[in-house]
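The values are calculated or read from the model by the stated rules, or taken from the named source; none is laboratory data. Owing to the predicted nature of the structure, the values given are computational and were not obtained by experimental measurement. Methodologically, a virtual Cβ is constructed for each residue, glycine included, from the backbone with ideal geometry; neighbour enumeration extends over all protein chains shown. To get the accessible areas, we keep the full protein, side chains included, count just its heavy atoms, and leave off ligands, DNA and RNA. Shrake-Rupley method; radii C 1.70, N 1.55, O 1.52, S 1.80 Å.
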Amino acid sequence: MKRIVTFGEILLRFSKSGGLRLGQGYEWEGHFGGSEANVAVSLSVLGNKVGYVTRLPDNDIGRACLHELRRNGIDVSDIVWGGERLGSYFFEGSRGIRGSKVVYDRKGSSFYASAPGMFPWKDIFSRADVFHCSGITCAVSQSATDATFEAVKAAKAAGIGITCDINYRKNLWKYEGADASRTLPELMQYSDFIFGDQDEWAVATGVPKIPMDHMQADTVLDMEAYGRYFDMMHRKFPACGEMMLGLRNQMASDHHTLTALLWYHGTVYHTKIWDVDVLDPVGVGDAFVAGYIHAREKWPGDPRLCLDFSLGAATLKNSIEGDFNLSTEEEILDFIAI
């Protein structure tokens, strides 16, 4: 079994229950999460050997976070201790016509101050087969960006596979010199597999997304247009043999449609459009990524099954509260067989 390593900032998510806004009520619910940690937990639940690399504060909150990762089967032996506090974010869920809202509190966190030389990548990658990274780490701070590029360069030198989630977050990228349109495509150049939704691909490449006014379960996608689009992306990222584009249409806060397309070594695959009742949309993209990383290792050479499995994992995540997708391989396979 291959060992997968993910790298990023784990956060404490605060939210209100029952659809309350951030300024309403007095009780807060807390969940640990964060994109790369979400991918790690999902991969572990699916039965993979997973290590997670981050920087945590050496206090009760940092240790509680460590225990949560261990409880979900994650190898935490390469986590680095330092800094003053864990980063956090405040999430206001959407309701009816009101969209969701995220307020980050990450500046000055332990991971914010991550820097090259803090993580023993040569040793870490001597025990790894796949490395997963994300554009979010480059949005946190310049030093975290530098640490991320140190990691991908070390992974490339070690000859292990690299997967990347574009993960553009417009509420980040606030530090001096931050430039998502320059940094994200540079990160993507190292990757064997890239995932993003249509807006993230547009930000990272400058190529406009393919217009689509509304996506229902019976919508017919323009596959020729997507074929041309992916061919263009491959010319931009020639080292990348697999690229996925996620499509989501929010018809209401609790009613979405969801699908994805996969460019696999020159051929474009697509899967059905799922009509989804949404309980918690946080981490759906991470479930997409983890589902595909698991599937491409479990069923190599079967891109259609890999894509279906990935979308099934993402669809099921909408039904699970918290950041982590806790769906098993058996549950996902049963779900996509419906």
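Structure summary
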{"read-out": "Filtered residues of the stretch 79-98 (kept if more than 20 Å from Asn171 (Cβ to Cβ) and open to solvent by less than 20 Å² (accessible area, probe 1.4 Å))", "value": "Ile79, Gly82"}
{"read-out": "Spans of helices (runs of 4 or more DSSP H) in the stretch 134-213 with at least 3 residues more than 22 Å from Leu247 (Cα to Cα)", "value": "135-140, 142-158, 180-188"}
{"read-out": "Complete set of residues in the stretch 1-49 that are polar (S, T, N, Q), in contact (Cβ under 8 Å) with a residue 24 or more places away in the chain and out of contact with any helix residue (DSSP H, G or I) (no Cβ under 7 Å at 6 or more places or on another chain)", "value": "Ser15, Ser44"}
{"read-out": "Test: residue in the stretch 150-164 that is surrounded by 16 or more Cβ atoms within 10 Å (Cβ to Cβ) and under 30 Å from Leu279 (Cβ atoms)", "value": "yes"}
{"read-out": "Lone unmet requirement of (1) touching a residue at least 40 places away in the same chain (Cβ under 8 Å); (2) aliphatic (A, V, I, L, M); (3) open to solvent by 10 Å² or more (accessible area, probe 1.4 Å) for Ala144", "value": "(3)"}
{"read-out": "Failed item in (1) of a type outside the set (A, V, I, L, M); (2) closer than 18 Å to Asp286 by Cα; (3) open to solvent by 10 Å² or more (accessible area, probe 1.4 Å), with Lys209 passing the rest", "value": "(2)"}
{"read-out": "Residue list for the stretch 210-269, restricted to those being touching a residue at least 12 places away in the same chain (Cβ under 8 Å) and of a type in the set (Val, Ile, Thr)", "value": "Ile210, Thr219, Thr257, Thr259, Thr267, Val268"}
{"read-out": "In the stretch 20-48, the residues that are open to solvent by 20 Å² or more (accessible area, probe 1.4 Å), assigned to a loop (DSSP other than H, G, I, E, B) and not charged (D, E, K, R)", "value": "Leu20, Leu22, Gly23, Gln24, Gly25, Tyr26, Trp28, Gly47, Asn48"}
{"read-out": "Pairs, first closer than 16 Å to Asp277 by Cα in the stretch 310-338, second assigned to a loop (DSSP other than H, G, I, E, B) and open to solvent by 50 Å² or more (accessible area, probe 1.4 Å), C-beta under 6 Å, six or more apart", "value": "Ser319/Leu279; Ile320/Leu326"}
{"read-out": "Some residue of the stretch 49-57 being modelled with pLDDT under 95 and open to solvent by 10 Å² or more (accessible area, probe 1.4 Å)", "value": "no"}
{"read-out": "Any chance Glu68 is closer than 30 Å to Met251 by Cα and either acidic (Asp, Glu) or open to solvent by 40 Å² or more (accessible area, probe 1.4 Å) (or both)", "value": "no"}
{"read-out": "Residue satisfying condition, being acidic (Asp, Glu), farther than 18 Å from Val140 by Cα and out of contact with any Lys or Arg (no Cβ under 6 Å at 6 or more places or on another chain), within set Glu68, Glu84", "value": "Glu68"}
{"read-out": "Spans of helices (runs of 4 or more DSSP H) in the stretch 229-338 with at least 1 residues under 18 Å from Asn167 (Cβ atoms) and either touching a Gly at 6+ places or on another chain (Cβ under 9 Å) or open to solvent by 20 Å² or more (accessible area, probe 1.4 Å) (or both)", "value": "284-298, 303-317"}
{"read-out": "Long-range neighbours under 7 Å by Cβ, at least six apart or interchain, first residue closer than 22 Å to Gly108 by Cβ within the stretch 162-178, second aromatic (Phe, Trp, Tyr)", "value": "Asn171/Tyr104; Leu172/Tyr104"}
{"read-out": "Qualifying residue in the stretch 89-103 (condition: among the aromatic types (Phe, Trp, Tyr), part of a helix (DSSP H, G or I) and under 18 Å from the mean Cα position of the chain (by Cα))", "value": "no"}
